[in-house]
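Q: Take a look at this one; I'll ask things after.
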Amino acid sequence: MEKDSFLHKKTNITITNTANHSQRVTIDTPKKVNGLSWNLPRSVTLSPGQSKALPFEADLSKAFLKDGIHQGYLTLVSDGKTYHVPYLFMKKDDDYAKISGFELYQDWETTKDLAYRFYLAEDVDRVTVELYRSGTMLNQGRLFTLENPKAGMVKGEADIRLPELAGPYVVVVTVEKDHKKTSYPFPVRFKSEP
């Protein structure tokens, strides 16, 4: 049995009343999950133009919380309108993809040859991107390397001088963190110019 350890997380969310009348905001407590409990304000009343930072707290128990990614929404209701504030956290970092949604495309709006974007689940030491011809898996070269990219959506342009790109390729993205490397393949297709 895993030794229980508790984690307490607190963040403040600032709410602003942009209406010209007072508003009462109520906060619904999310559905109960084993190993997760919330400590949220029940409601707050704001005068016109008033802002207020509200504490949102979560207590996590490793012994009862399932491994994986946990996500959902905190629901706020005001003047008959419902607002959803997303939350996301994970327990155990071994079994999830550190990169997802990789896109590589020729962008007519840029002066560079290729534009890219992808989502990075956590801060890492290095991301290396190499291009392979689909079918033969012949290495077409390293496209770019990013040092110390931060978690979140990563976008950029790569100034790459490769022969004409047309047809199917495979991009292999290698993520390095704490001297550990993990590679992820992503299919890409380039259209030939008319």
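Here, each number is a calculation from the coordinates, and none is a lab measurement. Because the structure is a prediction, the values reported are computed rather than measured. For neighbour counting, all protein chains shown are included, and Cβ atoms are generated from backbone atoms with ideal geometry for every residue, glycine included.
Q: Return a yes/no flag: does segment 130-141 have any residue that is part of a strand (DSSP E or B), in contact (Cβ under 8 Å) with a residue 24 or more places away in the chain and within 21 Å of the chain's Cα centre (by Cα). Steps first, answer last, please.
A: From segment 130-141, those part of a strand (DSSP E or B) are 130-133, 139-141; that's our starting set.
Checking the rest, the ones that are also in contact (Cβ under 8 Å) with a residue 24 or more places away in the chain come to 130-133, 140.
Filter again for within 21 Å of the chain's Cα centre (by Cα), leaving none.
So far as segment 130-141 goes, no, none of its residues is part of a strand (DSSP E or B), in contact (Cβ under 8 Å) with a residue 24 or more places away in the chain and within 21 Å of the chain's Cα centre (by Cα).
Q: Filter segment 34-59 for residues that are over 24 Å from the mean Cα position of the chain (by Cα), of a type outside the set (A, V, I, L, M, F, W, C) and under 18 Å from Val85 (Cβ atoms) and give the result.
A: Asn39, Pro41, Arg42, Ser43, Ser51, Lys52
Q: Any residue at all in segment 1-11 that is touching a residue at least 24 places away in the same chain (Cβ under 8 Å) and in contact with a Gly (Cβ under 7 Å, 6 or more places away or on another chain)? Please lay out each step first, then the result.
A: Kept after step one, since they are touching a residue at least 24 places away in the same chain (Cβ under 8 Å), are these residues of segment 1-11: 1-11.
This time we only want the ones that are in contact with a Gly (Cβ under 7 Å, 6 or more places away or on another chain), so: none.
Within segment 1-11, none of the residues are touching a residue at least 24 places away in the same chain (Cβ under 8 Å) and in contact with a Gly (Cβ under 7 Å, 6 or more places away or on another chain).
Q: Hand me the list of strands (runs of 3 or more DSSP E) wholly inside segment 1-98 holding 3 or more residues that are exposed (fewer than 11 other Cβ atoms within 10 Å of the Cβ).
A: Values: elements: 6-16, 23-28, 36-39, 43-46, 51-61, 68-78, 81-91.
Here the list reads 6-16, 81-91.
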